[in-house]
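K.L.:
Structure provided below as structure tokens; questions to follow.
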Amino acid sequence: MHTYTARMLRIVVCTFVLLVVNANQSHAESLIRIRTESTYLQSVLSEASSRSPTLRALARKIDASNVIAYVTCGSFSSRLLAGRTFLGQTSDKARYVRVQVDCMLPRMNLIAILGHELQHVAEIAAAADVVDSQSFARLFRTIGYLTCAGRSSPEKFETDGALEAGERVREDYLRGWPVGARVVANTGSGVPLQ
């Protein structure tokens, strides 16, 4: 009897481990062309992707393109800036985009800014003619608006789609928490209590 119980326990544990591995793999597979520099960013993206259909849809759009996005932590001189997206090198096979986010933000805010910036990546992915800084600026002048221009800094653009995507990802993420945790997240630091 003892051997039977031990065998059943091993089977249950192995089954559970396989389910967890497969679940994590399915979320990782939805982030094929979105790459990170750190395990922290990867875990935040994976967690947000598991809770946000909006973020998963953005990842699918990016994965269906020839864009490869590298998401890194960055620091910004302005407190008003929490993320930015740059077009990097391009070739016949791939267009490289760099996304910088402020990793010191509270997790909830970081998830929202990731959704915001990945919307910008999806906007670039949808425009196959964006291959250099001129076509990059032309795209964002067409679909967005200029937020900052100066002699000492490059032009900065914003789109309504990215503003909306950041908020949708935040709302998707919060829906996964119990109601009381959502209240704490909305009034406190932005991080639901567990």
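K.L.:
Determine, for LYS61, LYS93, LYS156, the number of other Cβ atoms within 10 Å of each Cβ, and report the residues in order from fewest to most.
P.N.:
Numbers: LYS61 18, LYS93 7, LYS156 13.
The most exposed by this proxy come first: LYS93, LYS156, LYS61.
K.L.:
Quick one: Karplus J couplings for region 50-65, per residue in order, coefficients 6.51, -1.76, 1.60, θ = phi - 60°, nearest Hz, x for Gly and Pro?
P.N.:
5, 9, 10, x, 5, 5, 5, 5, 4, 4, 5, 4, 5, 5, 7, 10
K.L.:
What's the FRET efficiency of ARG138 with ARG79 using the Cβ-Cβ distance as r and R₀ = 35 Å, to the nearest 0.05? Intermediate results must be reported in sequence, preceding the final value.
P.N.:
Working: r = 30 Å, r/R0 = 0.85.
Using R0 = 35 Å, I get an efficiency of 0.75.
K.L.:
Can you list the residues of region 74-100 with backbone N under 17 Å from a point 7 Å past the Cα of ARG35, pointing along Cα to Cβ?
P.N.:
Once the point is set 7 Å along Cα→Cβ of ARG35, 86-100 turn out to lie under 17 Å by backbone N, inside region 74-100.
K.L.:
Under 8 Å for C-alpha pairs, at least 6 residues apart: give me the relative contact order for region 29-179, rounded to a whole percent.
P.N.:
With pairs under 8 Å counted, the relative contact order is 24 percent.
K.L.:
As a footprinting exposure proxy, order ILE68, ILE113, ILE32 by other Cβ within 10 Å, with the fewest listed first. Don't skip to the end; give the middle numbers.
P.N.:
Numbers: ILE68 20, ILE113 23, ILE32 12.
By the 10 Å Cβ count, ascending, the order reads ILE32, ILE68, ILE113.
K.L.:
Please arrange LEU146, LEU87, LEU80 by counting, for each residue, the other beta carbons lying within 10 Å of its beta carbon, fewest first.
P.N.:
Working: LEU146 12, LEU87 20, LEU80 8.
Lowest to highest Cβ neighbour count: LEU80, LEU146, LEU87.
K.L.:
Work from the charge dipole of region 29-179 (Cβ charges, +1 for Lys and Arg, -1 for Asp and Glu, about the Cα centre) and give the residue of PHE136, ALA64, LEU45 farthest towards its positive end.
P.N.:
It is LEU45, whose Cα lies furthest towards the positive end.
Where a number appears in this text, it was derived from the coordinates with a stated rule and is not lab data. The shown structure was predicted, so the numbers you read here are calculated from the model rather than taken from an experiment. Here Cβ is always computed from backbone atoms with ideal geometry, including for glycine, and neighbour counts include all displayed protein chains.
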